[in-house]
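Novice: This structure is in structure tokens; I'll ask about it shortly.
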Amino acid sequence: MTKKLLVESIKYITGKTESVSITSSPAKARAYREVLSASKSLYEALGQREANLKIVSNLILKKKEAAKNYQKVVGKAWPI
């Protein structure tokens, strides 16, 4: 992942931008989209007062699964 894409990913996760554009194979793009979405969902839940341990734990598991898939498909660990 390039530094520019990392910065754009962080901006998306934190809600500073609405989308991220990448050029990649369909499998890599899907893996990236899934882990990016899981990361954003976890980030948003952590900022909500009504989020409880069960909700956050489930989102952490989803992000971990998506990160493992990303590493399997892309060959590099998800940096976020």
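What follows is calculated from the coordinates using simple rules that are stated; it is not laboratory data. Bear in mind the structure is a predicted one, so any value in this text is a computation, not a measurement. Glycine gets a Cβ as well: all are built from the backbone with ideal geometry, and neighbour counts include every protein chain shown.
Novice: For the chain, find the longest principal axis of its Cα atoms and tell me its angle to the long axis of helix 53-74, 0 to 90°, nearest 10.
Specialist: 10
Novice: If the chain between A27 and S57 were fully stretched, how many nm would it gain, using 0.36 nm times the residue separation less the Cα-Cα distance?
Specialist: Between A27 and S57, full extension yields 8.1 nm more.
Novice: I'd like to know which of S25, Y12, L42 lies farthest towards the positive end of the charge dipole of the chain, counting +1 on Cβ of Lys and Arg and -1 on Cβ of Asp and Glu.
Specialist: S25
Novice: Round to the nearest 10 and give me the degree value, 0 to 90, for the angle of helix 3-13's Cα axis relative to the longest principal axis of the chain.
Specialist: Tilt relative to the chain: about 30 degrees.
Novice: Set the Förster distance to 25 Å, then compute FRET efficiency between I10 and Q71 from the Cβ-Cβ distance, nearest 0.05.
Specialist: 0.85
Novice: I would also like to ask the following. For the chain, what is the relative contact order in percent, using Cα pairs closer than 8 Å and at least 6 residues apart in sequence?
Specialist: Taking the mean separation of contacting Cα pairs over the length of the chain, I get 28 percent.
Novice: Once you have the Cα-Cα distance between I80 and E50, take 0.36 nm times their residue separation minus that, and quote the gain in nm to one decimal.
Specialist: Length gained between I80 and E50: 8.4 nm.
Novice: Given 10 °C and 1.306 mPa s, how large is the Stokes-Einstein diffusion coefficient of segment 26-80 in µm²/s, with Rh as the Kirkwood radius over Cα pairs?
Specialist: Here the translational diffusion coefficient equals 139 µm²/s.
Novice: Straight-line reach from K28: which aspartates and glutamates fall under 16 Å, measuring Cα to Cα and dropping same-chain residues less than 8 apart?
Specialist: Answer for K28, where 16 Å is the Cα cut-off: E65, listed by chain and number.
Novice: Further, regarding this structure: Mind putting a number on the dipole of the chain about its Cα centre? Charges go on the C-beta only, +1 for Lys and Arg and -1 for Asp and Glu, and I need it in Debye to the nearest 20.
Specialist: 260
Novice: Please give the calculated 222 nm ellipticity per residue for the chain, where each DSSP H segment of at least 4 residues contributes -39500 (n - 2.57) and the sum is spread over every residue; nearest 500 deg cm²/dmol?
Specialist: Computed ellipticity for the chain at 222 nm equals -23000 deg cm²/dmol.
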